[in-house]
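To start, the structure under review is shown below, and the notes come after it.
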Amino acid sequence: MRSENKLYSMTLRLSLIGGFALMSLAGCTADSSNSTSPPYGSKDQQIQNTVIYAVGAENTYANVIQQIGGKYVSTTAIISDPNTDPHTYEASPQTANQIARANLIVQNGLGYDDFINQLEAASPNTKREIIDVQTLLDDPNTTPNPHLWYQPSTMPRVAEAIATDLAVLAPVHKTYFMHNLHIFEQSLQTWDHAIAQVKQKFSHSPVAVTEPVCDDLLTAANLTNKTPWSFQAAIMNGTDPSPQDVNTVEQLLIKHQVKVFLYNQQVVDALTLSLLQLANANHIPVVGIYETLPYQHTYQSWMTDEVLALQNALQDHISTERLS
Amino acid sequence: MITKFLNFLLAPGLFQSPQVAHALILGSVVAITSAIVGVFAVIRGQAFAGHALADFGATGASGAFLLGINTLWGFIGMGLLGGLGMDMLGRTPRERDVTTGITLSFMLGLGSLFLYYVTTKTTATGAPMTIFFGSIFLVNPSIVSIVIILELVTLLLLVILYRPLLLSSINPDLAYTRGVPLRTVSLLFMSALVLTVEQSALVTGALLSTVLLIGPAAIAIRLTKRLGTTLLLSVFVGLVTMWLSIVLAYDSAQLPPVGRGWPVSFFVVSIILLFYSVIYSFTTKGSK
């Protein structure tokens, strides 16, 4: 088990290095934003049918827009690379063009995607609908944790707002959008059910994290996050945590005071890597957490898989360092 | 009251923390070497060269982040390249000024490209803060022994160079007539300077790495004229500054924002400035 982990982390590191080299080559031409592929219809058909051009500041929101908008919406995601730290994203002129073209924009708020406000202000458009998730949820600016999509109550409200706005932009297709909204809401039940199971079996289980990305999910599952907030905030903001905090988190792992170590795969530094090693050495199951939608996933399947990985860790001590 | 103050000064866990222990070892070797090399750098008028070398190193460190290797190798690799270039290209001082300026701008530009890739294309977080302002508490423990060896090499180099370096620093013409190989001495000293500054960058970051080089040296030079005493005093000031800074940075977790801790580099520069101002005002008054 241990040597396997070591081998895994070694191949991981090698593939990371290779990946960087490739990326630095490919990065010159490829833009970081990708259109999410439409669920059905050929490309020609899609262009013919497209009436609405939508942008999700993060691919998580773009995925939900696409699910609600279906064949009548073409969606672009600005932050979409699961191999980068979204907190440090910088906008390019191409992004500005996408924002200028958009009829519907969904953004997170809470300083997570501030760049998009500037781009919106730079290209005024009265016919554009903007859903700011922070505003939608009525969260104050002082909300410390910006990762709103990990809160189970968030996305149903966002999806509803998307459906409403799409219906305003294309009233003819209102029934279609509402139907998709209904399907989306139904499909979230698998996730809710998975959370309920963890909550029922493992309430108050102590866990540690590197970064606050999934804190709201942990709260929903009634797990106890033992990591000091100041530590989580420092990792999130790319500053150094205090030696005291580092020591606290190390002790949590060494003394087996936590059942699971939740590791943000997109916000990594030498310290988080050393904690990952420490967790592995002490046989504390690790669950890899993502900030943006991983490849080959929908929002629902991603969230469900994270909770299932968490359950595997709590129940059978199985690590899931990366979602497939 | 007193216990409360003591409790603040030596915050709980200070002596148990492995991070603090590593920081103290690393900080001490860096402070000692910087203080000694710094005296020669100040005499030779190469304080600015030291700063330029650290900036070169920052580009290397950014590249190291991109490749996922330890920043120390990036700092030293690019620093040596930069030092070599600076020593080879510029013969006259004015020429050296211009060539250094242009290559330095280019290198920092290259660094900005590397950092752009690090922040937008990799999962790495906090790279700019680490490179430019240092993170001594989070230095990989495996690097500490390497730093100790490299600092010993640097000091050994200085011991070998001592006499010719001293002569060529104070009176180059006399050194030339005495048959001192000026180019070789200059190149070797440049290498020592690179090693010193780049390892200091691990502690205080690239932007502030010259503070440990010129700060203690400048203070010591103000206080005494004898070289041996200057070197000892410089080391003393460097060490005291380093230790105070590490302890204060550890304590500062009790200051707002509670639990976060202020950067060590902030304390280093503050203490050096304080020392220097006090010594400066005293020595100027005394001479009048």
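Any read-out appearing in this document is the output of simple, stated calculations on the displayed coordinates, not a laboratory observation. On a predicted model such as this, the values are computed, not experimentally measured, just so you know. Here the Cβ is made from the backbone with ideal geometry for all residues, glycine too, and neighbour counts use every protein chain on show.
Between residue B:134 and residues 5 or more places away or on another chain, which pairs have amide H atoms under 5 Å apart, with H built 1.01 Å from N, and which residues are they?
Under 5 Å from the amide H of residue B:134 lie the amide H atoms of B:205, B:206, each far enough along the sequence or on another chain.
What average count of beta carbons from other chains do you get within 10 Å of the Cβ of residues in B:253-266?
Per residue, the average neighbour count from other chains is 4.
Mind giving me the FRET efficiency for residue A:142 and residue B:222? R0 is 56 Å, r the Cβ-Cβ distance, nearest 0.05 is fine. Working shown, then result.
Values: r = 49 Å, r/R0 = 0.87.
That gives a FRET efficiency of 0.70.
Using label points projected 7 Å from each Cα along Cα→Cβ, tell me how many nm separate residue B:174 and residue B:232, to one decimal.
With each label point 7 Å from Cα toward Cβ, the separation is 2.4 nm.
So what are the ³J(HN,Hα) numbers for segment A:63-77, from phi and the Karplus equation (6.51, -1.76, 1.60; θ = phi - 60°), rounded to whole Hz, Gly and Pro as x?
4, 5, 4, 5, 5, 7, x, x, 6, 9, 10, 10, 10, 10, 10
Checking the table A:127/B:121; A:199/A:226; A:71/B:121; A:255/B:4; A:71/A:127 against a 27 Å threshold on Cα-Cα, which pairs fail?
A:127/B:121; A:71/B:121; A:255/B:4
Skipping prolines and chain starts, which residues have an amide H placed within reach, meaning under 5 Å, of the one on residue B:259, given they are 5 or more residues away or on another chain?
Residues meeting the criterion, in which the H sits 1.01 Å from N, are B:254.
Could you go through segment B:130-145 in sequence order and give the Karplus-derived ³J(HN,Hα) for each residue, using 6.51 cos²θ - 1.76 cosθ + 1.60 with θ = phi - 60°, rounded to whole Hz, and x for Gly and Pro?
4, 6, 8, 10, x, 8, 5, 6, 10, 5, 4, x, 5, 7, 4, 5
Any idea what the alpha-carbon Rg over 2.2 N^0.38 Å comes to for segment B:108-184? Could the numbers behind the result be given before it?
Details: Rg = 20.3 Å, N = 77, 2.2 N^0.38 = 11.5 Å.
After normalising by residue count via 2.2 N^0.38 Å, the value is 1.77.
Choose one of B:124, B:280, B:32: the residue whose Cα lies farthest towards the positive end of the charge dipole of segment B:17-287 (beta-carbon charges +1 Lys, Arg; -1 Asp, Glu; about the Cα centre).
Result: B:280, furthest along the dipole toward the positive end.
What average count of beta carbons from other chains do you get within 10 Å of the Cβ of residues in A:266-276?
5
May I ask for the percentage of alpha-carbon pairs in segment B:161-288 that lie more than 27 Å from each other?
Counting every Cα pair in segment B:161-288, those more than 27 Å apart make up 34 percent.
When the dipole is taken about the Cα centre of segment A:190-316, and only Lys, Arg (+1) and Asp, Glu (-1) are charged at their Cβ, what size is it in debye, to the nearest 20?
440 debye
Hey, if you drop one equal point scatterer on each alpha-carbon of segment A:43-187 and run the Debye formula without solvent, what base-10 log of I(q)/I(0) do you get at q = 0.11, 0.12, 0.14 Å⁻¹?
Calculated log10 I(q)/I(0) at the listed q: -0.39, -0.47, -0.64.
Let me make sure I get this right: for segment A:220-279, a, b and c are the square roots of the gyration tensor eigenvalues over alpha carbons, sorted descending. Under 1.5 in a/c it's rounded, otherwise prolate if a/b > b/c, else oblate. Which is it?
rounded
Using Cα pairs under 8 angstrom and six or more residues apart, how large is the relative contact order of chain B, in percent? Let's see the in-between values first.
Numbers: 418 pairs, mean separation 84.7, N = 288.
Across chain B, relative contact order equals 29 percent.
Spin-label point model (7 Å from Cα, Cβ direction): what's the residue A:186 to residue A:96 distance in nm?
If labels sit at residue A:186 and residue A:96, their model points lie 4.5 nm apart.
Rounded to whole Å and ordered largest first, report the semi-axes of the equivalent ellipsoid of the protein assembly as shown derived from its Cα gyration tensor (root of 5λ).
Taking √(5λ) for each Cα gyration eigenvalue gives 52, 28, 21 Å.
Using a/c under 1.5 as the rounded threshold, could you call segment B:1-69 rounded, prolate or oblate? The axes a ≥ b ≥ c are square roots of the C-alpha gyration tensor eigenvalues, and prolate needs a/b larger than b/c, oblate otherwise. Show your work: numbers first, answer last.
Working: a/c = 3.14, a/b = 1.59, b/c = 1.97.
It comes out oblate by the Cα gyration axes.
Could I have the simple spin-label model distance between residue B:280 and residue A:312, label points 7 Å from Cα toward Cβ, reported in nm to one decimal?
6.2 nm
Determine ³J(HN,Hα), in whole Hz, for all residues of segment A:193-209 in sequence, where each value follows from phi through the Karplus function 6.51 cos²θ - 1.76 cosθ + 1.60 and θ = phi - 60°; x replaces Gly and Pro.
Along segment A:193-209, the couplings run 5, 4, 4, 4, 5, 4, 4, 5, 8, 10, 3, 6, 5, x, 9, 10, 9 Hz.
Mark the label point 7 Å from the Cα of residue B:239 along Cα→Cβ and return the residues of segment B:1-43 whose backbone N is within less than 16 Å of it.
Label zone hits: B:24-37.
For residue A:207, which sequence-distant residues (separation of 5 or more, or a different chain) have an amide H within less than 5 Å of its own amide H, given hydrogens modelled in the peptide plane?
For residue A:207, the qualifying residues are A:224, A:225, A:226, A:259.
Could you tell me which residue out of B:207, A:178, A:122 lies farthest along the dipole of the protein assembly as shown toward its positive end? Charges go on the beta carbon: Lys and Arg +1, Asp and Glu -1, centred on the Cα centre.
The residue sitting most towards the positive pole is B:207.
Once the principal axes of the Cα atoms of segment A:190-316 are found, what is the range along each, listed largest first in whole angstroms?
41, 29, 23
Report, in debye and to the nearest 20, how large the dipole of the protein assembly as shown comes out about its Cα centre when Lys and Arg carry +1 and Asp and Glu carry -1 on their Cβ.
Charge dipole of the protein assembly as shown: 2180 debye, to the nearest 20.
Suppose R0 equals 45 Å. What FRET efficiency, 1/(1 + (r/R0)^6) with r the Cβ-Cβ distance, do residue A:237 and residue B:163 give to the nearest 0.05?
Efficiency, rounded to the nearest 0.05: 0.30.
What FRET efficiency would be calculated for the residue pair residue A:117, residue A:229, taking the C-beta separation as r and a Förster radius of 25 Å, to the nearest 0.05? Numbers along the way, then the final one.
On the way: r = 26 Å, r/R0 = 1.06.
Calculated value: 0.40.
Under the √(5λ) rule applied to the eigenvalues of the Cα gyration tensor, what semi-axes describe the equivalent ellipsoid of segment B:17-287? Give them in Å, descending.
29, 25, 16
How large is the translational diffusion coefficient of segment A:251-315 in µm² per second when you combine the Kirkwood radius over alpha carbon pairs with Stokes-Einstein at 20 °C and 1.002 mPa s?
Details: Rh = 12.6 Å.
D, rounded to a whole number, is 170 µm²/s.
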